[in-house]
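The values are calculated or read from the model by the stated rules, or taken from the named source; none is laboratory data. Just so it is clear, the structure is predicted and the values come from calculations on it, not from any experiment. As a convention, Cβ positions derive from the backbone with ideal geometry for all residues, glycine included, and neighbour counts pool all protein chains shown.
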Amino acid sequence: MIRFKDMVFHAKKIAAEKISRLRHIINVPKGHFAVYVGEEDKETKRFVVPIYYLKHPLFQALLRQAEDEFGIDHQRKCLTIPCAEDVFIDVTSRVNRFKFIGAKSG
């Protein structure tokens, strides 16, 4: 006979597993999205970036690179950009600089 205590334990275990799988979605602030960056044979690193990046031509070039590499419907269920981490950081710093300069002159 299954005891109530055992049922609660198993329910908590299942819930914890589901939460850990969704953790990458949970920790994204409003107005941002998560992107995974890394070269082909290396481990990817997760970045959380503002949505306005999507409008910038430099970031769009990275997205086209991802589309060329993986296609529209690839195995991973997250946005992955196949470039070196330092390249991604350089692009995002340029996008930020552009937004800052645009805000000052606007």
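Assorted remarks:
- The one condition from (1) part of a loop (DSSP other than H, G, I, E, B); (2) at pLDDT below 70; (3) under 25 Å from Q60 (Cβ atoms); (4) not charged (D, E, K, R) that I2 does not meet is (3).
- Positions within the stretch 44-62 being more than 14 Å from R94 (Cβ to Cβ) and of a type in the set (A, V, I, L, M, F, W, C), in sequence order: F47, V48, I51, L54
- Flag if F9 is at pLDDT below 90, among the aromatic types (F, W, Y) and in a helix (DSSP H, G or I): yes
- Some residue of the stretch 81-97 being in contact with a helix residue (DSSP H, G or I) (Cβ under 6 Å, 6 or more places away or on another chain), in a strand (DSSP E or B) and modelled with pLDDT of 80 or more: yes
- Of all residue pairs spaced 6 or more apart or on separate chains, those with beta-carbon atoms under 7 Å, a first member in the stretch 56-74 that is modelled with pLDDT under 85 and a second member that is surrounded by 10 or more Cβ atoms within 10 Å (Cβ to Cβ) are E69/P82; F70/T80.
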